[in-house]
Structures are given as C-alpha cells and as structure tokens.
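Input: a single structure, listed below in structure tokens.
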Amino acid sequence: MQASVQDVFTGSMPVVVIEHKGQEIRFSASCYGKKSFVKDNSGYDNFDVFREINAYWLTLPNEIQERIFELYKNINLIFDDALDSRYLNVRLNDSVVELVNLHDFEHVKNWVMFRSGIQIPIGIKTEYHDHIDQKGSRDQTYIRSDYIELITLALILRVMVPVWGEHILNNRKESGNRFKEYYAFKLLRHTNLIKTSAYDKLRLYIDITVGEDKNNRLSIINGISSEDFPEWMLALVSIRRLCVGDISGIGVDPGATLVSSIWKFITQKTKPADSTGDNIVNVKEDTENTPELYDKLSRLEWYKIKYRISLGEMAEMELSVSDYRRVANRLCPSMPNDILERCMASSKELMNHRILESQITTMRWVVKPVISARGVLYLSKELIVKLLGVTQAVLWVRGHHYLSLLCTSRVKISDDQYHVSSTEAKGRLTKENLAELDRLFPYQKTPKTNKPSLAPIKPKTTNLAVKSIDTLTDNLSMCSWIMTADEGFIADYYGSFVTRRLPIDPNIRNLLAKLVIEISSRSWTA
C-alpha cells in the first residue's frame, strides 16, 4: 500500500492517491496547493511527503494494510455522499479514530529511531544545559528525545493529509476561511494521538511562543481571543506544517528543522497585518461594558457548527425508515412484494457508486409522506440506498416507469464523465401541466428589480414548482446514466434488454411534472 501526489506539475490542483493491490482512492489536496508537495530549493526536487509513511506501511502485516485501505475507502465514500457538511464530523469520527489509532505512537517511534534512516539535524542537542546567556527556557527548546517524538507525530499525521484535504474542501463554506483548519483538526480529538507527550510538548511550545510580547506581535485574524489563539494555532501548525513538513533530515539546508519551520510559521501569523492594528488579536477581558454573552464565550466558542437537530432526533429519523417494507407499503399499499425485493436487490449496487443530488431530490419528493426532505440529509448512505430502492419500486408500480429506472441509475465514470446535452431540447411543459402546477402551487415568486418602470407593466412571476423541475432537468441532463435496475424492468419498459445505458427522455420535464402533480394530490398515499 502506498500514497502519492498527482497533478502537482499540471495546471490542476494536486490529488492524493491511495493505492493498494491494483485499487486506488483519490482525495483532493487542493487546500495544500503545489508548494506543500514540491521543494523549490535547487537540487532538491525529489521531496516526497509520503516517502516515510509508505516505508512504514510496508512493515505492517497485510491484514493491517488491508484495514487501513478499507478505512480510507469508507472515508472517501462518506465525503462523496455527505449531503450536509455540518454532519460530516459525526459520520467521519469512527473511521478517522480507527485509522489514526492503527498507527501506534510507540511503535512508529521505534521505527523512526532504528529503521527509518531519518537523520536528526546536527543543531538538535542531546541534553538541555541551562545558561545565563541562552535564550528561551527548557519548555521552548526541543532536545533530541523531544525532536524524535515530534518527527513521529509528523509522520503519523501524514495519514491525515488526504482526509484533511477533502474535509477542508467539503466544509469550507460552513466553517469559513478562518476556521477551516480548526474544524478539520477536531477530527483528532478522540484519537490516542492527541493525548501523546508529543502534542503536550507542542501545545506548550506554541503557548509560550504566542504568549511573548502580545501587544507587539500577537497576530490575528480578527475576532479570536488571546485565550483561543494557541489552540487555533495548534490546528494550523498541524495541518499546514507538520503533516507536510520535511522530516528526512537530508534537505539542502542541514540546519533546517521542523522546529524552526514551526517557529517561522507562528511568527508570520503573529505579525500585525498592517499599521492600523485591525488584525491584532483581541485579548479576552471581562468588563462592565462587555455584553454578557461575550463575557462567557470566546470567538471560537461562538463559531461552532450547530446541527439543526439533536443526535437523538437523527437516530429517531433513521429508525423511522429502517424498515423498508413498512415505508413502501405506506407509500404504495398495493405494493407487490416481488417488485419491491427486486428493486431493493438491484439498488444495492449504488453502495459502490456516488449518488448525485438529482437522485436524492427525486427520492425526497416520493418519500416525503414518511420523512421530511430535510431529514434525508441526516441519513446514512445505506439507508439512502434503501430509500432509493423503495422509490424505484413505488414509481414503477404507480406507472412512472422511466423515472423508476432513472432514480437508481449510476453516473457513468469515464475520462469524459459529464455528458452535457441541451436542456432546451427537453420538451417544454404542456399547457395542461403548467395550469395544474399553477393551481397546486399558487404562490409564485416575483423577481426583484432596481429598474424603475414608467408603464404599469405587470411583472412576470415564477412558479417555484416549475423552477424546481427545470433545475432537476438541467442536473439530470449533465450526466450519462447507467441503469442498475433488474433486467426484467428494463426489458418491460423498452420491449427487450439491449443496453444499460439510459438516455435522458426528451419529454423529461413533463414526466417530472406529472410526478409532482400526482404527489401533490391527496391520493398519493391512499
């Protein structure tokens, strides 16, 4: 098993690839950029972030390597199917904890010391000798034993590079540019690694370094208090320096160390951004003029990603759809058992493929009487696949055969994954369907305009149901689809089974409109 970085020297963003026995998993590393994986120093262009961790993985038993690869696969699927990034850390927690804990700190440390070939820089002393002219204290100094543990920490953090890369990409909108590393770092909070002496030493080093001369050097991103800043900096150091820093000890500059790299990074972050002092860290003070809430909560405590529902409510929703037969019978009381079981069996193929939002949207419309559209966001992929199977069966029995085949189809993966077809060619809605949609959805949206109108012209309104149908049509038309349905269903619809490729029906808008109209009628669950 090995990890590598691809697309570093091309125009696209770098990608981390995990390979094992002919299989590969790809993770985005766009948040790191090219410079994290390439050394610009002349004569040292062969820097490989994953060289040491690849060498360590080769020493592990085959079953451990298999499990590590399986965990990466699970994590990748979670990222692919995360419908709500606020729920991402909850879904990732178990896999990340096991992944990191499989790299025992003491075992990795022994490998670093005796088998890795890693060289300790000549500037690192074996013992600490206090001297009146020496700058700094013991807590601010890394001796050889401390440095070996720091290298061990940096080596284990290599396994998090693909995870953090994808997490920051998926979560940047909710966490914001300032705190994206802080929330990605929280994935380590339940691991054994965060409790090691190496992290205790690093926390102390950062706290003391940041604590020096606060009024002149303490940085900031506006709004982070002096109490929170060290923890925020610990996240940045771990993700931006340690996990991609050179630990080989054989670089061009023999005096360069991880410690010096960390120190430079901290000092850069703690320099005032400008002479106005706008970016200086705010020291947390309790004053009579400070609002009561601010007295109790720091900026990072305010800036928590909150779920709209509790974990107990999530569990309740999962339980409500766990019995797929009950869900199917509620949506379609006349559901034949053989059709349901055939749909459930074939839909399982989607567990190995990415499920697109367009499929989820169709499924939400159908299962709305059982679970709210927003509630679907909190379900596991296994339950979503089951609901897609139920949706296929319900649509088939109710006569929406084409949509039934489409909802459980998978996207065709190829060098040219997206098949862009003209959505104008997808027939317009008939007058009958438009009239019925206007009747069922009478509240329409009027577009805002800043242009004054001299004539009393009635503004054109938009039916939100029509807009949703148009959006779904556009999304479906962007992809090439491969049917996963039972061959019998395909043969029944097309007259014979020839291919699993499913072209977008030219009348897709009206097919979706008929479904929306039927769902909106009171007879849907009758």
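The values are calculated or read from the model by the stated rules, or taken from the named source; none is laboratory data. Worth saying up front: this structure is predicted, and the values here are computed from it rather than measured. Backbone-built Cβ (ideal geometry, glycine too); neighbour counts: all protein chains shown.
Annotations for the structure displayed:
- Residue in the range 180-187 that is crowded, with 19+ Cβ neighbours inside 10 Å, in contact with a strand residue (DSSP E or B) (Cβ under 7 Å, 6 or more places away or on another chain) and either modelled with pLDDT of 90 or more or of a type in the set (D, E) (or both) present: no
- Residue list for the range 168-202, filter: under 18 Å from A29 (Cα atoms) and among the hydroxyl-bearing types (S, T, Y): S175, Y182, Y183
- Pick from the range 115-147, criterion in contact with a Lys or Arg (Cβ under 9 Å, 6 or more places away or on another chain) and modelled with pLDDT of 85 or more, ranking: surrounded by the most Cβ atoms within 10 Å (Cβ to Cβ): Y142
- When V49, V38, V108, V97 are screened for being assigned by TED's automatic domain parsing to the domain that holds L188 and modelled with pLDDT under 95, only V97 passes.
- Unmet requirement for W57, which otherwise passes all of (1) modelled with pLDDT of 95 or more; (2) over 18 Å from V159 (Cα atoms): (2)
- Matching option when the condition is among the charged types (D, E, K, R), surrounded by fewer than 21 Cβ atoms within 10 Å (Cβ to Cβ) and in contact with a Ser or Thr (Cβ under 8 Å, 6 or more places away or on another chain), among R354, R374, R364, R330: R330
- Considering the conditions (1) farther than 24 Å from L356 by Cβ; (2) at pLDDT below 90; (3) surrounded by fewer than 18 Cβ atoms within 10 Å (Cβ to Cβ), D84 is excluded by exactly one of them, (1).
- Residues in the range 96-110 that are surrounded by 19 or more Cβ atoms within 10 Å (Cβ to Cβ) and assigned to a helix (DSSP H, G or I): V96, L99, V100, F105, V108, K109.
- Restricting L379, L395 to those that are out of contact with any strand residue (DSSP E or B) (no Cβ under 8 Å at 6 or more places or on another chain) and within 19 Å of M483 (Cβ to Cβ) reduces the list to L395.
- Pick from the range 460-489, criterion assigned to a helix (DSSP H, G or I) and of a type in the set (D, E, K, R), ranking: farthest from K431 (Cα to Cα): E487
Results for (1) modelled with pLDDT under 85; (2) within 27 Å of the chain's Cα centre (by Cα); (3) closer than 21 Å to R500 by Cα, shown as yes or no for each residue.
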{"site": "E341", "(1), (2), (3)": "no, no, yes"}
{"site": "A345", "(1), (2), (3)": "no, no, yes"}
{"site": "K348", "(1), (2), (3)": "no, yes, yes"}
{"site": "T408", "(1), (2), (3)": "no, yes, yes"}
{"site": "L429", "(1), (2), (3)": "no, no, no"}
{"site": "L434", "(1), (2), (3)": "no, no, no"}
{"site": "L437", "(1), (2), (3)": "no, no, no"}
